[in-house]
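Participant: Dropping a structure here in structure tokens format, bear with me for questions.
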Amino acid sequence: MPGLYLGAILFSLAGMIAVDLKFGLALRRAPGRTALAVGLGTVFFLAWDAVGILSGVFVKGHSPLFVGIDLAPHLPLEEVFFLLFLSYLAVVLWTVFERRQARRDAGRRARSGVEETPS
């Protein structure tokens with residue numbers, strides 16, 4: 001079934017965007033920074049893939065689940081969307097853990113009686 005892998009990646013990406021927007025994690029709070037971080041991450045990993053492909057470490061497997069479009073030798077279209085999803089997932093998770101740490105720190109300050117100063 002050609003396209004199933006790409007469909008799964010896009011479905012996962014849509015779910016990640018929905019979670020992000022629902023909880024106001026990255027995209028709604030800082031759309032420019034989020035887009036920049038995801039774009040830079042995707043480009044970085046594509047460059048990493050290029051080095052791996054040129055050195056013979058990365059090779060494209062054969063699967064009936066691929067669309068069949070290669071952007072370069074051993075670089076299927078699905079790889080770009082996977083790397084985009086991976087970069088976006090990293091940004092969202094970073095935001096989740098950053099928010100979690102801020103809440104922990106605020107709880108510790110509140111328990112210790114230290115007043116917060118406005119920034």
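Participant: Looking at (1) in contact (Cβ under 8 Å) with a residue 12 or more places away in the chain; (2) surrounded by 12 or more Cβ atoms within 10 Å (Cβ to Cβ); (3) of a type outside the set (S, T, N, Q), which one does Val59 not meet, given that it meets all the others?
Facilitator: The single condition Val59 does not satisfy is (2).
Participant: So which residues in the stretch 3-15 are out of contact with any Leu (no Cβ under 6 Å at 6 or more places or on another chain) and part of a helix (DSSP H, G or I), if there are any at all?
Facilitator: Leu6, Gly7, Ala8, Ile9, Leu10, Phe11, Ser12, Leu13, Ala14, Gly15 - these are the residues of the stretch 3-15 that are out of contact with any Leu (no Cβ under 6 Å at 6 or more places or on another chain) and part of a helix (DSSP H, G or I).
Participant: Sticking with this one: Tally up the residues in the stretch 17-31 that are among the small types (Gly, Ala, Ser) and closer than 17 Å to Phe85 by Cα, please.
Facilitator: The number of residues fulfilling the criteria is 2.
Participant: Inspect the stretch 77-93 for any residue being over 21 Å from Asp20 (Cα atoms), modelled with pLDDT of 95 or more, of a type outside the set (D, E, K, R) and surrounded by 13 or more Cβ atoms within 10 Å (Cβ to Cβ) and give the result as yes or no.
Facilitator: Among the residues of the stretch 77-93, at least one is over 21 Å from Asp20 (Cα atoms), modelled with pLDDT of 95 or more, of a type outside the set (D, E, K, R) and surrounded by 13 or more Cβ atoms within 10 Å (Cβ to Cβ), which makes the answer yes.
Participant: Go through the stretch 1-37 residue by residue and tally those that are more than 17 Å from Glu98 (Cα to Cα) and surrounded by 12 or more Cβ atoms within 10 Å (Cβ to Cβ).
Facilitator: Total satisfying the criteria: 15.
Participant: Further question on the same structure: Across the stretch 30-68, which residue is farthest from the chain's Cα centre (by Cα) among those that are at pLDDT 95 or above and not in a helix (DSSP H, G or I)?
Facilitator: Ser55
The values are calculated or read from the model by the stated rules, or taken from the named source; none is laboratory data. Since we're looking at a predicted model, the values are computed, not measured. As a convention, Cβ positions derive from the backbone with ideal geometry for all residues, glycine included, and neighbour counts pool all protein chains shown.
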